[in-house]
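Here, each number is a calculation from the coordinates, and none is a lab measurement. Quick caveat: nothing in here was measured; it's all calculated off a predicted structure. So basically every Cβ, Gly included, is an ideal-geometry build from the backbone, and we count neighbours across all protein chains shown.
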Amino acid sequence: MEYLWIAAGVFVLFLVHKLILAPMRHLLVNVVVGLIVLYGVNHFGYLFGFQHVPITIGTGLIIGLFGLPGVVLVTLYYTFF
């Protein structure tokens, strides 16, 4: 009977990893890479006529959800609007 509870616990840990931790890790990687690219766009973007994009929680979430296309989206938004 104890082995059944151990197996159930391992299964719950597996589900927590697959459903919660893996997407959070993916989101965190997207945010870090996107913010590094956004820093580069802010630093060198004036050469191409881009406006400065503030690095806030909102821009971080958009970049985290969409990745590098999110950087393009946010940059174009602040440039044209």
(message) With every atom except the alpha carbons ignored, what do you get for Rg and Dmax of the chain, in angstroms?
(response) 19.4, 69
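Given R₀ = 35 Å, FRET efficiency for LEU15-PHE66 by Cβ-Cβ distance, to 0.05?
On the way: r = 27 Å, r/R0 = 0.76.
Taking R0 as 35 Å, the efficiency between LEU15 and PHE66 is 0.85.
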(message) Looking at the chain as a GNM with Cα springs under 10 Å, which of LEU65, LEU27, LEU19 has the largest mean-square fluctuation?
(response) LEU19
(request) Compare VAL33, VAL41, VAL12 in a GNM of the chain, Cα atoms joined below 10 Å, and give the one with the largest fluctuation. (result) VAL12
